[in-house]
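Down below is the structure, laid out as structure tokens.
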Amino acid sequence: MMDVSKIRLDFPVYQKQPKLTYLDSAASSLKVKSVIDQIDHYYMSLGVNVHRGAYDLAYEATRLFEEARVTVAKFIHANEEEIIFTRGTTSALNFVANALRDRLRPGDEIITSELEHHSSLLPWMMVAKKTGAKLVYIPLSKEGRITVDNFKSVLTDQTRVVAITHVSNVMGYLTPIKAITELAHQKQATVILDAAQSVPHMEVDVKDLGIDYLAFSGHKMFGPSGVGVLYGKKDLLNQLEPFEYGGEMADEVSKDQATWKDTPLRFEAGTPVISGAIGLAAAIRYIESIGFKDIHEHTAALHQYTLEKLKKVEGITIYNPTADNPVITFNVDGVHPHDIATMLDTYKVSVRAGHHCAQLVSKFLGVNSTLRASFHLYNDITDCDVFVSSIVAARDFFLSF
Ligand code: PMP
């Protein structure tokens, strides 16, 4: 059993906001003290650049930064050369789309889905427009899932790219990505996985899944904003042209020629996100100190408890009762989600309202927007109770007019 009161001591925001019912971790998690301390240490005791200086402080900063890369690599079962620090999931996914664009020809097919966050969909939509390649959508199952069979129905000899989500940020469904990747590779297609919602909640083993590229963000897993990770298979990365050119990525430069370092440095032009990478490594150590098994058991129990309570409330539509991640997407019938979210805030309950940067999901559900409550390890049963009673109060208030 997770001792949440102990866990909350690790999250300083609860000391400042003791009444907070935070149910928006799918947007961004709260931040853990060891991460803040680690970033503080970098700025207070080091503060210098990495890879460049020939002095003690620079060696120490470089050691911490490169150690962070090793920590991230081990966390997802990759090699350290396969880890590129980016600004977040969005910049990682845009980088891959731009880098692969020159290989696509009119008639080539890019498989995606209506479950995508805009940062997984829009880069490929733009690549399709520029190259004449075709965006092909996996037909979703009735409840809105990507299934292996539905994927098979759109996989063709023209498929070059499969760019899909691992876990939907709205529906919380887990994609059967290992089987999909095996099929995609039979057609020599490249598989790019948006793992922004999976990496904070489950063990992700890139070698086992077999995917070619994967992206995630630090801020959804107790780490800092402004840092994310692009994983890519080493031999694939070394074939990619850098996206940005500048300091520390070049090998040999003459007046009209330049050669590039090997991955990962060839993709980290300029001063990298030093404090972000170091902070992310601290976040990973924190997750590992608790373990995904306990995190999952705890959040799954809260998720199930809240679902059962919410199902008993009249006038609520729940869109994803079978979600794999601890995410509940719902509406209060006849009331705009933003009104409900604003009312919940008066009870210090934080949820998300809107289309969650995934407008095709709203369209699939046939609504303009939804409410979303999402859980993580610092939530407890009281949060679930306060949440449901606030929903009832908000519903009664708005329907009383
Ligand atoms: N993909 C998914 C599934 C997400 O949930 C998010 C964040 N909402 C992103 C991509 C984008 O992540 P970031 O804003 O950190 O780049």
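Using θ = phi - 60° in the Karplus curve 6.51 cos²θ - 1.76 cosθ + 1.60, the 3J(HN,Hα) couplings for the stretch 310-320 round to 5, 4, 7, 7, 6, x, 10, 10, 9, 8, 9 Hz; x is entered for Gly and Pro. Amide H to amide H distances under 5 Å link Val136 with Ile110, Ile111, Thr112, where only residues 5 or more positions off or on other chains count and H is placed in the peptide plane. Counting only residues at least eight positions apart within a chain, or on another chain, the aspartates and glutamates with an alpha carbon under 19 Å from that of Lys309 are Asp24, Glu297, Asp324, Asp333, Asp380, Asp383, Asp385, Asp396.
State the percentage of accessible surface on the stretch 97-232 attributable to carbon and sulfur atoms; use a 1.4 Å probe and exclude ligands, DNA and RNA. Result for the stretch 97-232: 50 percent of the exposed heavy-atom area is carbon or sulfur. Restricting attention to the stretch 35-288, the count of lysine pairs at 8 or more positions apart or across chains with alpha carbons under 20 Å apart stands at 20.
Using alpha carbons only, the radius of gyration of the chain set against its Kirkwood radius gives Rg/Rh = 0.99. Residues in the stretch 175-191 carry Karplus couplings, in order, of 7, x, 6, 5, 5, 5, 5, 4, 5, 4, 5, 4, 9, 6, 7, 9, 10 Hz; the curve used is 6.51 cos²θ - 1.76 cosθ + 1.60 with θ = phi - 60°, and Gly or Pro positions show x.
Taking every protein chain into account, the accessible area of the stretch 1-138 amounts to 47 square angstrom per residue (probe 1.4 Å).
Centroid-to-centroid, using Cα positions, the stretch 1-45 and the stretch 124-171 are 36 Å apart. Rolling a 1.4 Å probe across the protein heavy atoms gives the stretch 142-220 an accessible surface of 33 Å² per residue. Please give the Cα centre distance for the stretch 49-87 versus the stretch 244-313, rounded to the nearest Å. So the separation of the two Cα centres works out to 12 Å. Expressed to the nearest 5 percent, the antiparallel share of DSSP beta bridges inside the stretch 35-288 is 45 percent. The candidates Asp235, Asp324, arranged from most to least accessible area with a 1.4 Å probe in the full protein assembly, appear as Asp235, Asp324. Between the amide H of Val191 and those of Val162, Asp212, Tyr213, distances stay under 5 Å, these residues lying 5 or more places away or on another chain, with hydrogens modeled in the peptide plane. Nearest 0.05, what FRET efficiency do Glu80 and Ala393 give at R0 = 51 Å with Cβ-Cβ as r? Using R0 = 51 Å, I get an efficiency of 0.50.
Residues whose amide H comes within less than 5 Å of that of Ala250, counting only those at least five positions distant or on another chain, are Lys261 (H built at 1.01 Å from N in the peptide plane).
When the solvent-accessible area of the stretch 234-371 is split by element, carbon and sulfur atoms take up 50 percent of it, the probe being 1.4 Å.
Have a look at the DSSP beta bridges in the stretch 135-269 and tell me what percent are antiparallel, nearest 5. Antiparallel bridges: around 55 percent, rounded to the nearest 5. Ordered from largest to smallest accessible area (heavy atoms of protein chains, 1.4 Å probe), the residues Thr259, Thr342, Thr156 come out as Thr342, Thr259, Thr156. Extension gain, Lys129 to Thr382: 0.36 nm times the residue separation minus the Cα-Cα distance gives 86.2 nm. Fully extending the segment from Val48 to His338 would add 100.0 nm, taking 0.36 nm per residue of separation and subtracting the current Cα-Cα distance.
The values are calculated or read from the model by the stated rules, or taken from the named source; none is laboratory data. Keep in mind that this is a model prediction, so the values were computed, not measured. Note that each Cβ is placed from the backbone with ideal geometry, even for glycine, and that neighbours are counted across all protein chains shown. We work out accessible area using only protein heavy atoms, side chains counted, and drop any ligands, DNA or RNA first. Shrake-Rupley method; radii C 1.70, N 1.55, O 1.52, S 1.80 Å.
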